[in-house]
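The values are calculated or read from the model by the stated rules, or taken from the named source; none is laboratory data. As the structure is a prediction and not an experimental result, all values here were calculated from the model. Neighbour counts run over all protein chains shown; Cβ positions are idealised from the backbone, glycine included.
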Amino acid sequence: MPTPHISAQPGDFADTVLLPGDPLRAAYIAEHHLQNAVCVTKVRNMFGFTGEYLGQRVSVMGSGMGIPSCSIYASELIDHYGVKRVIRVGTCGAVQEDLALGDLILAQGACTDSGVNRQRFGGQDYAAIASWPLLKAVADTAESQGVALRVGNIYSSDLFYGVDDTLIPRLTRMGILGIEMEAAGLYGLAAERKAEALTVLTVSDHLLRHEAMSADQRQLGLDRMIALTLQALL
Ligand code: HPA
């Protein structure tokens with residue numbers, strides 16, 4: 001049965017769903033990285049596809065931007081479509097000097113200014129962490145392929161514009177690798193549902209050096225990240 005935000009039928013999604021923020025990225029991934037992909041939902045143009053990667057069923061769906069949007073889709077996928085693994089594939093702004101544009105980050109944990117996990121956790125601080133088996137699979141695959149990868153803590157911000165001037169220096173000091181807008185919520189909701197979650201990120205901008213990737217660099221970064229993630233799932 002369709003849900004309020006997904007028009008697919010039971011069984012239309014694979015156990016594992018990749019979640020890029022942009023629904024057109026989901027279409028690109030389905031077309032260029034999966035075989036036999038079919039579109040299974042397009043409510044609000046938030047396209048979702050199911051196909052195969054080397055014979056293994058995999059889905060990909062846009063999550064939108066920010067914890068509220070991502071949480072709606074991930075919750076419905078897990079609760080109504082039986083999805084077991086949700087893997088955000090996105091971009092982040094780096095906040096450490098030793099990171100460069102195009103670097104890959106695995107979000108082992110995600111801090112946040114969002115209140116969603118406190119709502120879930122009786123007002124206390126919940127340590128939002130990635131699924132160890134998923135994290136290990138991607139890290140091991142990267143190592144075996146000689147792909148450089150940073151594993152560590154990130155920050156999921158509710159604000160894209162107008163963040164407090166003190167935020168970035170604080171994140172740098174606390175060893176945070178990058179800022180994005182979804183992982184902490186995704187980790188919290190997956191834990192609550194006994195599902196597995198991971199966030200794989202490409203550094204698209206550098207917030208200390210004020211650098212940003214070109215459109216071509218973004219495309220290349222996306223392809224590398226998706227190829228690595230899909231290989232790790234085999
Ligand atoms: N802030 C939040 N999300 C982001 C950023 C950023 O600077 N860069 C890429 N995603």
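Within the stretch 163-176, count every residue that is farther than 15 Å from GLU97 by Cβ, away from the ligand (no atom under 11 Å from the Cβ) and not β-branched (Val, Ile, Thr).
So the answer is 3.
So which strands (runs of 3 or more DSSP E) stay within the stretch 145-230 end to end and still have 2 or more residues that are surrounded by fewer than 16 Cβ atoms within 10 Å (Cβ to Cβ) and charged (D, E, K, R)?
Because the criterion is at least 2 residues that are surrounded by fewer than 16 Cβ atoms within 10 Å (Cβ to Cβ) and charged (D, E, K, R), no strands (runs of 3 or more DSSP E) in the stretch 145-230 meet it.
Return yes when LEU149 is modelled with pLDDT of 95 or more, more than 16 Å from the ligand (Cβ to nearest atom) and within 18 Å of the chain's Cα centre (by Cα) and no when it is not.
yes
Among the strands (runs of 3 or more DSSP E) confined wholly to the stretch 1-88, which include 2 or more residues that are of a type in the set (A, V, I, L, M) and surrounded by 15 or more Cβ atoms within 10 Å (Cβ to Cβ)?
16-19, 35-41, 56-61
So which residues in the stretch 188-234 are within 16 Å of the ligand (Cβ to nearest atom) and closer than 13 Å to GLY109 by Cα, if there are any at all?
THR199, VAL200, LEU201
For the stretch 70-117, which positions are of a type in the set (Ser, Thr, Tyr) and within 13 Å of the ligand (Cβ to nearest atom)?
Once the filter is applied, which keeps residues that are of a type in the set (Ser, Thr, Tyr) and within 13 Å of the ligand (Cβ to nearest atom), the stretch 70-117 yields THR91, THR112, SER114.
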